[in-house]
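The values are calculated or read from the model by the stated rules, or taken from the named source; none is laboratory data. These numbers come from a predicted model, not from an experiment. Side chains included, ligands, DNA and RNA excluded: accessible areas come from the protein's heavy atoms. Shrake-Rupley method; radii C 1.70, N 1.55, O 1.52, S 1.80 Å.
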Amino acid sequence: MWSVVLMGLAGVLVGGGISFHQQKKPAWVSISFYVLAGMSLLAAYLLTLPGN
């Protein structure tokens, strides 16, 4: 259940990063959104491993 929520959050974060990139905001803003999305996907993957 939580892995699905985290994957959805990652999608929203990627969309935010793309949006800020199109608005010509500083690069670190978009990069931070992408990093947070990657961390969310990693957490979702770790929750699917056996033993959790």
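One table, with the values for the structure above:
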{"read-out": "Among (i) 0.94; (ii) 1.11; (iii) 1.44, the entry derived from the coordinates for Rg/Rh (Cα atoms, Kirkwood Rh)", "value": "(ii)"}
{"read-out": "Gained length - T48 relative to V35, 0.36 nm times residue gap less alpha-carbon distance", "value": "2.7 nm"}
{"read-out": "Angle in degrees between helix 27-48 and the longest Cα principal axis of the chain, rounded to the nearest 10", "value": "10"}
{"read-out": "Accessible carbon and sulfur surface of the chain relative to its total accessible area, %, 1.4 Å", "value": "76"}
{"read-out": "Potential extension, M1-A27 segment - 0.36 nm per residue separation minus Cα distance", "value": "6.1 nm"}
{"read-out": "Backbone HN-Hα couplings from phi across segment 2-7 [Karplus 6.51/-1.76/1.60, Hz, Gly and Pro as x]", "value": "5, 5, 5, 5, 5, 5"}
{"read-out": "Probe 1.4 Å, protein heavy atoms only - accessible area per residue of the chain in square angstrom", "value": "75"}
